[in-house]
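The values are calculated or read from the model by the stated rules, or taken from the named source; none is laboratory data. Predicted, not measured: the structure shown is a model, and the values here were computed from it. Ideal geometry is used to build each Cβ from the backbone, glycine not excepted, and the neighbour counts take in all protein chains shown.
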Amino acid sequence: MKQHYDLIVVGGGFAGTCAAIEAARGGADVLLVEKYNCLGGATANCLVMPFMRYWSVMPGTGEKKNLAGGLFLEIVEGLKTLDPKSTATLFDEEILKLLLNRMCLESGVKLLFDTTVVEVCREGNRITGLEALGKSKRLSLTADAFIDATGDAELSMLAGCECRVGRESDGLCQPMTLCFRMSNVDKDLFAQNRAMLNPLYKEFKEKGLIKNPREDVLLFGNFNKGVLHFNTTRVVKLDPTDPFAVTQAEIEAREQVFEIWRFLRENIPGFAESRVQSTALQIGIRESRKILGEYTLTVEDLKSLARFEDAIATANYDIDIHNPAGAGTSHYYFPDGDWYEIPYRCLIPKDMENLLVAGRCISSTHEAQASYRIMPYCAELGQAAGVAAAVAKRKGSSLRDVDVCEVRTLLRERGFAIS
Ligand SMILES: Cc1cc2nc3c(=O)[nH]c(=O)nc-3n(C[C@H](O)[C@H](O)[C@H](O)COP(=O)(O)OP(=O)(O)OC[C@H]3O[C@@H](n4cnc5c(N)ncnc54)[C@H](O)[C@@H]3O)c2cc1C
């Protein structure tokens, strides 16, 4: 197997997949390395869904302005073509996995699944290669440039780049959640009785009959008959970058799944015959490491709807913070028809020449990350990184010194709302 590439992207979530497709379409020879057996990242591995809101409703006209970029919309349209049940936000992750494979292969991306990057070779401020483990083989892979789309900034951490974990005051991250599905639910009967769900859940919590720290039951519809999707377990105060702490989180969350099932089965009409159909392969991590980049996006930037000369992305999903210490979820909503921008510098780890970061682990504070972390904006950040990688290759420049003007022009052509 060929071992040298123009670009290696590590992580096949929305950020990594979009980065790889965009760079390959732009003429780069791209390898995409993914730890599991498919693309999609958190939606595939952690059963995360649906897409949170990625548009702004323009005052006056009521027009829905897309803020997530062209490639994300292409994915939404591709999902609708393969599965007429798909909507702008609801989709089937099995169809998504198929679609993303096809889009990567059609763009010329070389895929490497079931392989984990475990070591980075670095000379000065450049990464020269990676060591990865796949099917008990150790692989040495080299490239001119790299994109860290691991969600947890694993590549940057392995390269010795400085990272932050959690909020500034105490290092706590947003809670971890093991998503799951329940089958055999009488959805009509439940719909008629839904209003009783959260008041009763709260009553059970007050009586100490439910230990899950989450304040209510968060559930979503599902295309399958009798199936509902739950995003409602909550594990707090454990470090998502420590394998023993994550193991503890997986154990706690699994207990919560069965606690909720029992509560629903015994108390809520529609659940009497229900079953736990499946739990995610891995507990979902909302927030972990974030790189220390050339610029750190802050909550003040978001609230002031900041504009940047090197903006490469826009976003306006609410600042959605699930309490890192217990019950409660706070929201800050942006005005209709407006958004903030994210500068290219947030993707460049301090001092690195040939490494970009895309997705939920770019350089920002805890509060700022709580807004752009959703799948559509991770896709947008990935596409931006992919455009930058293609431009850098074409012009023979480093990722750090890429012609940002040209990157921005290309992004506008791809439907980005940047100024
Ligand atoms: C419980 C939960 C609920 C959420 N709800 C929603 C929601 O309803 N809607 C929404 O839009 N967003 C939601 N989000 C946020 C969103 O899912 C994630 O922030 C987003 O998907 C992150 O995308 P990403 O591409 O940055 O990283 P990820 O999707 O995490 O992808 C990273 C990929 O890198 C791979 N990887 C990691 N390390 C290595 C390595 N060393 N070698 C090889 N591969 C590696 C991983 O296997 C993974 O596939 C939720 C998140 C969580 C945890």
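Every residue, every condition in (1) surrounded by fewer than 18 Cβ atoms within 10 Å (Cβ to Cβ); (2) more than 21 Å from the chain's Cα centre (by Cα); (3) more than 17 Å from Arg265 (Cα to Cα), yes or no:
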position: Asn198; (1), (2), (3): yes, yes, no
position: Glu203; (1), (2), (3): yes, yes, no
position: Pro213; (1), (2), (3): no, yes, yes
position: Asp216; (1), (2), (3): yes, yes, no
position: Leu228; (1), (2), (3): no, yes, no
position: Asp242; (1), (2), (3): yes, no, yes
When the residues of segment 379-402 are narrowed to those that are away from the ligand (no atom under 12 Å from the Cβ) and within 22 Å of the chain's Cα centre (by Cα), which ends up surrounded by the fewest Cβ atoms within 10 Å (Cβ to Cβ)? Val387
If you check Lys65, Lys80, which single one turns out to be part of a strand (DSSP E or B), away from the ligand (no atom under 15 Å from the Cβ) and out of contact with any Lys or Arg (no Cβ under 8 Å at 6 or more places or on another chain)? Lys65
Out of the residues in segment 91-118 that are more than 14 Å from Ala24 (Cα to Cα) and away from the ligand (no atom under 15 Å from the Cβ), which is surrounded by the most Cβ atoms within 10 Å (Cβ to Cβ)? Leu99
So, in segment 10-25, of the ones that are β-branched (Val, Ile, Thr) and under 23 Å from Arg412 (Cβ atoms), which residue ends up nearest to the ligand (Cβ to nearest atom)? Thr17
Of the conditions (1) assigned to a loop (DSSP other than H, G, I, E, B); (2) closer than 28 Å to Tyr333 by Cα; (3) not aromatic (Phe, Trp, Tyr), Lys85 clears all except one; give me its number. (2)
Within segment 118-139, residues among the aliphatic types (A, V, I, L, M) and either without any contact (Cβ under 8 Å) to a residue 12 or more places away in the chain or more than 20 Å from Asn101 (Cβ to Cβ) (or both) come out as Val118, Val120, Ile127, Leu130, Leu133, Leu139
Of (1) at pLDDT below 95; (2) surrounded by 14 or more Cβ atoms within 10 Å (Cβ to Cβ); (3) among the small types (Gly, Ala, Ser), Ser136 satisfies all except one. Which? (2)
Of the numbered conditions (1) away from the ligand (no atom under 13 Å from the Cβ); (2) over 24 Å from the mean Cα position of the chain (by Cα); (3) closer than 27 Å to Ala44 by Cα, Ala145 fails exactly one; give the number of that condition. (2)
Of the numbered conditions (1) out of contact with any helix residue (DSSP H, G or I) (no Cβ under 9 Å at 6 or more places or on another chain); (2) outside any strand (DSSP E or B); (3) among the small types (Gly, Ala, Ser), Ser140 satisfies every one except a single condition; which is it? (2)
Residue hits (segment 46-60; out of contact with any Leu (no Cβ under 8 Å at 6 or more places or on another chain) and more than 11 Å from the ligand (Cβ to nearest atom)) are Val57, Met58, Pro59, Gly60
Among what's in segment 26-45 and is crowded, with 23+ Cβ neighbours inside 10 Å, within 15 Å of the ligand (Cβ to nearest atom) and assigned to a loop (DSSP other than H, G, I, E, B), pick the residue that is nearest to the chain's Cα centre (by Cα). Gly41
Looking at the structure I just gave you, is Glu273 part of a loop (DSSP other than H, G, I, E, B), loosely packed, with under 14 Cβ neighbours inside 10 Å and of a type in the set (Asp, Glu)? yes
